[in-house]
Amino acid sequence: MIEIKNLYKRYHNHHGSDWVLKDINLTIPTGVSVGLIGRNGAGKSTLLRLIAGMDTPERGEVIRHSRVSWPVGLAGGMQNNMTGRQNVKFVARTQGCGPEEVKRVIAFVQDFAEIGEAFNEPVRTYSSGMRSRLSFGLSLAFDFDVYISDEATAVGDRAFKAKAQNLFKSKVGQSSLIIVSHSEGILKELCQVGVYIKDGQALWFDNINEAIESYHNDVDKK
């Protein structure tokens, strides 16, 4: 379970400091997969980062009663001068893996990423697509209670996207997902409930289809 209590977030810049999120109160039950919906800039990715613990709220708190992943596919934490293999090994160790588990994680990521010999080359030589493939595999190599995803399944060619989506599907039932995606098909397939981010507020819908319909109604009015 994840509890979000009285959460406010804003970013200070020369344009001012309007609230991105205002007084968010949500309880995400264990085993429930959630799709975050809203227009571009509504605060969906901001809320994801707060849930993952990668950002801090201005006010309020996020209480995690579950083991929550970092955003799936996030490549920002990679050390450029280390090889893909070294990066994976380092992350596995920071997750508390023993020697045999480290080997399993390395083998899983190497097989999933499909980047060939580049796995043993410095990450600074990678294309953005190769970095994303490596990061995606690494994110899903561990057993989290909740996986966070911000458009992760948009990575790669058609075959790799299908592979990524299948891996996500395999996690449903074992773990829950909190997802931002512009693909409504993916949201409907992977999520049971929806949270519509609108004017800084988070509106909870017990059915993902109802959340999408509410969003469409607002778009049509405008």
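The values are calculated or read from the model by the stated rules, or taken from the named source; none is laboratory data. Every value quoted in this text rests on a predicted model; they were computed, and no experiment measured them. Note that each Cβ is placed from the backbone with ideal geometry, even for glycine, and that neighbours are counted across all protein chains shown.
With the checklist (1) outside any helix (DSSP H, G or I); (2) out of contact with any Leu (no Cβ under 8 Å at 6 or more places or on another chain); (3) at pLDDT 90 or above in hand, flag the one item residue 210 doesn't pass.
(1)
Would you pick out the residues in the range 118-145 that are in a loop (DSSP other than H, G, I, E, B), over 17 Å from the mean Cα position of the chain (by Cα) and more than 21 Å from residue 157 (Cα to Cα)?
121
Does residue 80 satisfy the condition of being closer than 25 Å to residue 179 by Cβ and polar (S, T, N, Q)?
Considered against the rule, which asks whether it is closer than 25 Å to residue 179 by Cβ and polar (S, T, N, Q), residue 80 comes out as no.
Could you list, in sequence order, the residues of the range 181-201 that are modelled with pLDDT of 95 or more and among the hydrophobic types (A, V, I, L, M, F, W, C)?
193, 195, 197
Kindly indicate whether residue 215 is assigned to a strand (DSSP E or B), of a type outside the set (A, V, I, L, M, F, W, C) and either in contact (Cβ under 8 Å) with a residue 60 or more places away in the chain or in contact with a strand residue (DSSP E or B) (Cβ under 9 Å, 6 or more places away or on another chain) (or both).
When the stated conditions are applied, residue 215 does not pass them.
Report yes if residue 196 is surrounded by 15 or more Cβ atoms within 10 Å (Cβ to Cβ), assigned to a strand (DSSP E or B) and under 13 Å from the mean Cα position of the chain (by Cα), otherwise no.
The answer is no for residue 196.
Grab the strands (runs of 3 or more DSSP E) fully contained in the range 29-93, keeping just those with 3 or more residues being over 16 Å from the mean Cα position of the chain (by Cα) and in contact (Cβ under 8 Å) with a residue 40 or more places away in the chain.
Result: 59-64.
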